[in-house]
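Trainee: I have a structure here, written as structure tokens, and I will follow up with some questions on it.
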Amino acid sequence: MSSGPGADSAPAPNHPNDDAPTTSLPQQAAKGGMFSSLRVRNYRLFFLGQVVSNTGTWMQRIAQDWLVLRLTGSSAAVGITTALQFLPMLLFGLYGGVIADRWPKRRLLLITQTASGLTGLGLAVLTLSGHVQVWHVYLTAFALGVVTVVDNPARQVFVSEMVGPAELRNAVSLNSANFQSARLIGPAVAGVLITAVGSGAAFLLNGLSYLAPIAGLLLMRTGELHKPSERTPRGKGQLREGLRHVREKPDLIWPIALVGFIGMFGFNFPIWLTAFVNDVFHAGAGTYGLLNTLMAAGSLAGALLAARRGSSRRRLLYGAALLFGLLEITAALAPSFWVFALLLIPMGICGLTINVTANSGVQLAADPALRGRVISLFMMVFMGGTPVGAPLVGWVTDTYGARIGFLSGGLISALAAMGIGLALARHVGVRPKLDLRRGHEHLVFVPRDRTDQPEPAVAPAA
């Protein structure tokens, strides 16, 4: 990723005490306030453009899922659509990172945002003309996924050029708040449009919404961008170089492994929510939009809380992942609609906390010259795992019902959080310690010592 002065200082070492932050942030980042990065003009333009296009994206996402369900009557078909949209990230994600490290990010984003808008307009024409078929939706989802391969790392990396390293974590959190704010508006508008005039109007508005970020990019003052890291020239072994960098740093590989499991099995909400609305609650598109809005409200709260924090701790990431899985299990067993619906709010908080904490931690721990490749690997694992998980989760949901499908995703997420968290604790030489005394932190990690070593088999149990 590109960076400003001082951004290429060495990331924080692995601390023996898990209470230490996962990354070492400059002090001014912690003191700037919840919206400190919005003081930067270029980032304000970027942020406002993303508000508009993200709203359109959520409108299309809801309309697309509902259209596929109506055309096929199958949750597995919704899963295939989701899989096709993220399949290019799985296949080509690392190459997107290489491109982001080689080329100017602003120029790349002008190209990718234009292409994304054209995919929305193309699907709108097919739907409004009455000629849309499910394979058209599949093809459009795959095309958008191809664009995303380059757009995601370029957009993530460009944030540092706009705000610099001191405000990076705040800007990452506000980007998530931006996305989740749009998630509050988009599904509600999509529900009204689908009910009133059909899915085509939502696709049309999404295509037009990309005019806003394109205008924002064109209006930026390039002289005010932070100096990017030196561009990576063409050469052999650049993918292997990025992978080796991740493999050698626990602050990179363990968070990426965690979001891989959760992205593959825990974030299949289009499948589960459409199935619950259609098969469990026997409702329509308006209810589906409402459930997405409630989850977005929780995600927005999680993003704003993340923006207030000056640093992240490892236990926050793994604790949020464990709680996320437990909430999914609880929601799968919810006895009524409103219990299910209200559980989506804390689920959204935990899901967003996982995303922001892992994303900002990975970016700050990576070598600046390799950030494009590192963040593309992060996004490839997080988003690209969906093509593997979504059809399987869709099949389980169709075969055994919405509740079993949702419960299985939550169980895998919770087990991944516990397993990877304990593996990391052992790697850095700490162990969990429970303290139930009043006024004390109930769960802390302390250095391992000789008494922590396994006892011989003949020794009595402690």
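Trainee: So, of the residues in region 366-383 that are within 15 Å of Leu258 (Cβ to Cβ) and not aliphatic (A, V, I, L, M), which turns out to be modelled with the lowest pLDDT?
Mentor: Filtering region 366-383 for residues that are within 15 Å of Leu258 (Cβ to Cβ) and not aliphatic (A, V, I, L, M), the one modelled with the lowest pLDDT comes out as Phe382.
Trainee: For the subset of region 114-158 comprising residues that are under 19 Å from Ala215 (Cβ atoms) and in contact with a Lys or Arg (Cβ under 9 Å, 6 or more places away or on another chain), which member is surrounded by the most Cβ atoms within 10 Å (Cβ to Cβ)?
Mentor: Checking each candidate, the answer is Ala154.
Trainee: Determine which member of the set Leu168, Leu204, Leu193, Leu208 is more than 18 Å from Val52 (Cα to Cα) and more than 15 Å from the chain's Cα centre (by Cα).
Mentor: Selected residue: Leu168, the only one of Leu168, Leu204, Leu193, Leu208 that is more than 18 Å from Val52 (Cα to Cα) and more than 15 Å from the chain's Cα centre (by Cα).
Trainee: Of (1) crowded, with 22+ Cβ neighbours inside 10 Å; (2) more than 25 Å from Ala358 (Cα to Cα); (3) β-branched (Val, Ile, Thr); (4) at pLDDT 85 or above, Thr55 satisfies all except one. Which?
Mentor: (2)
Trainee: When the residues of region 295-312 are filtered to those that are surrounded by fewer than 21 Cβ atoms within 10 Å (Cβ to Cβ) and assigned to a helix (DSSP H, G or I), which remaining residue is modelled with the lowest pLDDT?
Mentor: Arg308
Trainee: Closer than 22 Å to Thr397 by Cα, touching a residue at least 12 places away in the same chain (Cβ under 8 Å) and either assigned to a helix (DSSP H, G or I) or in contact with a helix residue (DSSP H, G or I) (Cβ under 9 Å, 6 or more places away or on another chain) (or both): does that describe Thr357?
Mentor: So Thr357 fails the test.
Trainee: Here is a further query. With the condition kept exactly as written, say whether any residue in region 384-406 is surrounded by fewer than 24 Cβ atoms within 10 Å (Cβ to Cβ), assigned to a helix (DSSP H, G or I), among the polar types (S, T, N, Q) and without any contact (Cβ under 8 Å) to a residue 40 or more places away in the chain.
Mentor: Yes, there is a match, as at least one residue in region 384-406 is surrounded by fewer than 24 Cβ atoms within 10 Å (Cβ to Cβ), assigned to a helix (DSSP H, G or I), among the polar types (S, T, N, Q) and without any contact (Cβ under 8 Å) to a residue 40 or more places away in the chain.
Trainee: Right, another one. Looking only at helices (runs of 4 or more DSSP H) that fall completely inside region 201-287, which ones have 2 or more residues that are modelled with pLDDT under 90, out of contact with any Cys (no Cβ under 7 Å at 6 or more places or on another chain) and surrounded by 15 or more Cβ atoms within 10 Å (Cβ to Cβ)?
Mentor: Filter on region 201-287 gives 238-247, 250-265, 269-275.
Trainee: Also, I was wondering about something else. Within region 289-300, is even one residue in contact (Cβ under 8 Å) with a residue 24 or more places away in the chain, more than 17 Å from Pro187 (Cβ to Cβ) and either small (Gly, Ala, Ser) or touching a helix residue (DSSP H, G or I) at 6+ places or on another chain (Cβ under 7 Å) (or both)?
Mentor: no
The values are calculated or read from the model by the stated rules, or taken from the named source; none is laboratory data. Since we're looking at a predicted model, the values are computed, not measured. Because the Cβ atoms are built from the backbone with ideal geometry, glycine has one as well, and the counts that use them run over all protein chains shown.
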